[in-house]
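The values are calculated or read from the model by the stated rules, or taken from the named source; none is laboratory data. Everything numeric in this text was worked out from a predicted model, so none of it was measured. Every residue, glycine among them, receives a Cβ derived from its backbone with ideal geometry; neighbour counts consider all protein chains shown. Just the protein is used for accessible areas: all its heavy atoms, side chains included, with ligands, DNA and RNA removed. Shrake-Rupley method; radii C 1.70, N 1.55, O 1.52, S 1.80 Å.
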Amino acid sequence: MRRGLSVFNVTSIALGLAFLYLPILILVIYSFNASRLVTVWGGWSTRWYVSLLGNEAMLEAAWISLRIAFLTACAATVLGTLAALALVRAGRFRGRLLFSGLVYAPLVMPEVITGLALLLLFVAIEIERGFWTVTIAHTTLTMCFVTVIVQARLLGFDRSLEEAAMDLGCPPLRTFITVTLPLIAPAIAAGWVLAFMLSLDDLVVANFVTGPGATTLPIRIYSEVRLGVKPEINAICTIIIGVVAAGIIVASLLTKFAGAKPAPIGGQI
Amino acid sequence: MNGRGNRPDNSARTRGPFAPWTDPDALPLVRFEAVSKHFAGVTAVDALTLDIYPGEFFALLGPSGCGKTTLLRMLAGFQTPDAGRVLLDGTDITDVAAHRRPVNMMFQSYALFPHLTVAGNVAFGLKQDGLPKDEIAARMAEMLRLLRLEGLETRKPHQLSGGQRQRVALARALVKHPRVLLLDEPLAALDKKLRGETQFELMRLKERLGLTFVIVTHDQEEAMTVANRIGVMNHGRLIQVATPSEIYEQPNSRWVADFIGDVNLIEGRIVKADAAGTTIASASVGTLRTAAVADARPGDAVAVALRPEKIRIARDMPVGDVNRVEGEVWEIGYLGDFSIYKVRLGDAFVINTAAANVTRLIERPVGIGDRVWLTWAADAGVVLTQ
């Protein structure tokens, strides 16, 4: 089974990675460009990172985005976990299939439609658009991702663990807190990180439902790019890439940990 | 709270065999009263009544899907009967939640908490009772010593061997001194040798702690080894409840005889029945003599259950035995301690016989194709009417 990589494999991996990461790599390199012109290389420099620190509008947008992402992740995690529990644990209640379909729909729904629908809703019920409408919209958008992750963990959960806890005198609610929650916690944490990341980089939905004083970072970047790409944009994008990459690594480590099942009974160590 | 008051009171009795089920004054510890349970139209347990006495090691034995696990789970409180009552010490516990019942269960999967250490697992139940710390520590230490788990306190379940995990699961359930310990296929995941050792360890633990054990198993050898009494179940009903030797030597039906061990079932009709014995005519073996049967009447269709090891096999025509028949050795299974001889009588009927290999001969005196005589005593066969 242990074979070295063939030439074919090495080539496909190299091509695949180049296809995925060459544009990003170019962006990262150009963020360290000393030249004012984006497409002309003027030597290495970190001046655009320094000038970014003086860009009040960009920093303000970043701060708004982080706050929205944090609140979104918390709300989506609670709602998504509850939905996952209902889907896995409530047995066959009436409309279960419909419910699971409804929970998963936002996964495949075009964001333009989600954004438009939410905008219509907010206009109809006359909520002032801004920070909170973006947070609500992002919660709607990301909740289903949390549900998918937590549900997978719950499906692989050995119910006899909960029965054992109750058998040993632990009431149902305490069983949930002391046995169930610690065991699905990695999946919940992974869901939180994913929701945070999705909220942080959403442009389409936020564009629909945002209002005055609630310009998120992607919206700010997009509007500046329309007036021409400044090297500062490359710098902020590089920072975002760093944050997202860190988040993805954390989430996948959590998921891997969540997937680590106890060794099979009777198995040899 | 679950003291040791359920220790069988042997001192009051003369030192006879332990058999409270024969004592009309004995009070059962557990009583199932006409309990039924249905799952989506399938009857898992069917109006079943059963008494289990203090100090018993009771085995529920049956093929998969016979309802034995459902019965155990109703005692644990994980399932509520659709009809009937479950009593513990004379108190109706049918509607008592699982976490309030003084019974503990050892799960087939062991269900050890993977996020807790061995110590955390064993102490879990004691912590639920809010016992003081030093008492928890003392009882845990005692139980870890009893199950030879000392030094493993800080290990997580995935760092243990299969046998160690099994003992942690046992310790976790036993440390609460349950009124009844429920064992759901407790040894199914162990290899054969470890399983055999653990069976005897279970019996020793039960005696030492003076508890009552109820085990669910599909392994008849396991049930015969550990249990004082066995309840043989099929289709949600108890077919026979008796001691292991009664189940084996006096099965009450063709089904039990066939389910427990190997058996030759010889169908026939009673020709003559009196106090001296019963004569049965069969198409396959000819005329058979068996011991007297209480309610046998000539003309009844019966089956004679004959265990392979009760039949002697010889090359020369024997004298003196009541039943004998000639046949041809068709197949031989060499098991080491025993050999199984399949002997063909006439064209179709095959009788299994088992003979202990008492000599160390590599070549056995009886080989395939040999003409042999099979003989058995009148009391070797059991006459079954059901």
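Computed quantities for the displayed model
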| quantity | calculated |
| --- | --- |
| Residue A:244 accessible area, assembled protein chains, probe 1.4 Å, Å² | 40 Å² |
| Heavy atoms of residue B:192 accessible to a 1.4 Å probe, total area in Å² rounded to 10 | 140 Å² |
| Test item: Cα-centred dipole of chain B, Lys/Arg +1 and Asp/Glu -1 on Cβ, debye | 1020 debye |
| Magnitude of the charge dipole, segment A:1-152, Cβ model with Lys/Arg +1 and Asp/Glu -1, debye to 20 | 740 debye |
| Partners for residue A:256 among lysines (Cα-Cα distance below 23 Å; same-chain residues under 8 apart left out) | B:156 |
| Selection of trypsin sites (Lys or Arg not before Pro), segment A:15-113, meeting DSSP coil and at most 10 other Cβ within 10 Å | A:92, A:94 |
| Residue (of A:205, A:168, A:26) at the positive-pole extreme of chain A, dipole from beta-carbon charges | A:168 |
| Positive-end residue, segment A:56-259 charge dipole about Cα centroid, Cβ charges, pick of A:93, A:195, A:149 | A:93 |
| Convex hull (Cα only) mean projected area of segment A:56-259, reported in nm² to one decimal | 13.4 nm² |
| Estimated distance in nm for a label pair at residue A:121 and residue B:360, the labels positioned 7 Å out from Cα along Cα-to-Cβ | 8.5 nm |
| Sequence-distant lysines (8 or more away, or on other chains) whose Cα lies within less than 26 Å of residue B:310 | B:272, B:342 |
| Kirkwood Rh and Cα Rg combined as Rg over Rh, evaluated for the protein assembly as shown | 1.16 |
| Chain B - mean residue ellipticity at 222 nm from DSSP helices (-39,500 (n - 2.57) per run, n ≥ 4, rounded to 500) | -6500 deg cm²/dmol |
| Lysines with Cα under 21 Å of residue B:37, excluding same-chain neighbours fewer than 8 positions away | B:68 |
| Candidate residues A:227, B:288: accessible-area rank, largest first, probe 1.4 Å | A:227, B:288 |
| Debye intensity ratio I(q)/I(0), log10, segment A:20-149, q values 0.10 Å⁻¹ (C-alpha model) | -0.55 |
| Peptide B:95-108, shielding by other chains (average Cβ, 10 Å cutoff) | 4 |
| Computed FRET value (nearest 0.05) for residue A:89 with residue A:18, which takes r as the C-beta separation and R₀ as 45 Å | 0.50 |
| Theoretical FRET efficiency, 1/(1+(r/R0)^6), r = Cβ-Cβ of residue A:82 and residue A:51, R0 51 Å, to 0.05 | 0.65 |
| Residue B:235 accessible area, assembled protein chains, probe 1.4 Å, Å² | 140 Å² |
| Distance histogram for segment B:262-384 (every C-alpha pair counted, 5 angstrom bins, percent rounded to whole numbers) | 2, 11, 21, 23, 18, 12, 7, 4, 2, 0 |
| Computed magnitude of the charge dipole of the protein assembly as shown (debye, nearest 20; Cβ of K, R +1, Cβ of D, E -1) | 1220 debye |
| Candidates per GluC sites (Glu not before Pro) in segment B:116-162, loop by DSSP, up to 13 other Cβ within 10 Å | B:150 |
| Peptides ranked, highest mean first, by Cβ atoms within 10 Å: ranges B:325-331, A:6-12 | B:325-331, A:6-12 |
| Contour minus Cα-Cα distance for residue B:331 and residue B:265 (0.36 nm per residue) | 21.9 nm |
| Number of partner chain Cβ atoms within 10 Å, mean per residue of A:147-160 | 1 |
